[in-house]
Amino acid sequence: MTEQQQRGTDTQANSTRKWLILANVSVGTFMSTLDGSIANVGLPTISDTLHVPLHIVQWVVSAYLLTICAMLPLVGNLADRMGRGRLYNIGFLVFALGSALCGLSGSIDILISSRILQAIGASLLMANSQALVVMTFPKHQRGRAFGITGTMVSLGSLTGPAVGGLLIGYFGWSAIFWVNVPIGLIGFVLGLFLLPKARPDSSDLSTFDYLGSILFVAGIVLLLYTVSNGDVWGWLATRSWLGLTVAILLLIAFGLREHLAVNPIIDFGLYKNRLFAAGSFAAMLSFVSLFCTNTMIPFYLEDVLHASPQLTGTAMMANPVAMAVIAPLSGWLSDKIGPYLLTTTGLALNGLGFILLTLLSGHAPVWLVALHLAIFGVGQGMFQSPNNSSLMSTAPRDKVGLVGGLNALVRNIGMVFGIALSVSLLSNRLHAATGAAVQGSLANVSANLLVPALHTVFWTAAGVCVAGALISSMRRTSKTLRAITH
């Protein structure tokens, strides 16, 4: 074999390895985001089976997301020091173990505790996936690569209720957790051969900001925990305003600490970049609105339209199917025209989708609900891939793990706030209509009361989408963005 032929063979092998790494990263990304939403469609079944009300059963989802929010900046920072491939692969094992324990859970307390362990594994996957893409792909291919991983993020978030409905209908609610175990083990084995194992040069842990990490975890957990329980406690109750006050003080102390730290956990200087700041806040609002849908639609389909879990899952497949078609195309297109037009239009389209949801009655056909959900799939597909590529293009190479972690962090904070917002609005409207707090499952609530309460949630989510579109429109021009990303 000639030297030229050898170089050609090596180039082909490297190209193949590059796409195999992306496939492995895509599996981990899909699995970790899937479990942020797969339990949503199971909440009515779990609520009925375990006899727990909505404000408690929501913690099957909220505890998972809250733990990820607390872990992501720490994991992203450690990955830049210890090696992204190593921590990513460990995440597969921890996630698989947590999933198995969830499947074995016999009570709501054990289930929520197991979800916390599962979330620790998910944070190892989420914080490192985008950084591995940046390490593996040249700039001119990252848009397409992020289009694929963006598809996995949205598919995971949006397919969760659909897949969950089918699994619950045929195998029971524990199946939504058992399905992760073989996938996690396969991902771990493949990762041993594919993922980079080298440690970065800056692997000294002695300069890790331990005080900052404590302040951040305490502040963000207390904030999100208080927000998630505010409706149950009462927003004017002592523990509500005291929890919010202490959380804000802890986060302020964290911010001050980060300005003094040698190696801060979160580099607030990143937010001076207009592209990064606009993309981050728009992404958070996108997922706030998305989880208003993911949390409420299963209750609408099952408790108002009396659809089975299987039919609910099938209807909700319209969202990820539409998104799967659009996201790769928008990722490719963002390499050509920049993210500005795609991201702003996508969020505006989602706002229109929520307005259309307010037109649905208590007797709407399931296929019409699926058609409405497909609109969200198109909007999310237009937004996610270009936005992820835009965000990661702002990252210095030695901070790609940190930026990837922050991107996943704002996504999960949005999910937690989306759940808390939708549950709080729904509960308040039902309380105002009935004069008493709703006890037990929503299956006992009249559709004449439940539908107007759901419409309130959808109108609010539409407003959130409009705000996100306005923030996204603050980015620079497409021409400038193409110069930055290329």
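Summing Lys and Arg as +1 and Asp and Glu as -1 over all other residues whose Cβ lies under 15 Å from the Cβ of residue 100 gives a net charge of 0. Each residue of region 455-470 was assigned a 3J(HN,Hα) from its phi angle through the Karplus expression (A = 6.51, B = -1.76, C = 1.60, θ = phi - 60°), giving 4, 4, 4, 5, 5, 5, 5, 4, x, 4, 4, 4, 4, x, 5, 5 Hz with x at Gly and Pro. Taken one residue at a time, the phi angles of region 348-360 give Karplus couplings (6.51, -1.76, 1.60, θ = phi - 60°) of 5, 5, 5, x, 4, x, 5, 4, 5, 5, 5, 8, 6 Hz. Gly and Pro are set to x. Along region 368-377 the Karplus relation, 6.51 cos²θ - 1.76 cosθ + 1.60 evaluated at θ = phi - 60°, assigns HN-Hα couplings of 5, 4, 4, 5, 4, 5, 5, 4, 5, x Hz to successive residues, with x for each Gly and Pro. Within the shell of other residues whose beta carbon sits under 14 angstrom from the beta carbon of residue 415, the net charge comes to +1, with Lys and Arg scored +1 and Asp and Glu -1. Most tightly packed first, judged by the mean number of other beta-carbon atoms within 10 Å of their residues, the peptides 349-359, 364-374, 276-286, 320-330 read 276-286, 320-330, 349-359, 364-374.
When all protein chains stay in place and ligands, DNA and RNA are ignored, the 1.4 Å accessible-area order of 210, 271, 88, 170, largest first, is 170, 210, 271, 88.
The values are calculated or read from the model by the stated rules, or taken from the named source; none is laboratory data. Computed from a predicted structure; not experimentally measured. All Cβ positions, glycine included, derive from the backbone under ideal geometry; neighbour counts span all protein chains shown. Protein only, heavy atoms only, side chains kept; ligands, DNA and RNA dropped before computing areas. Shrake-Rupley method; radii C 1.70, N 1.55, O 1.52, S 1.80 Å.
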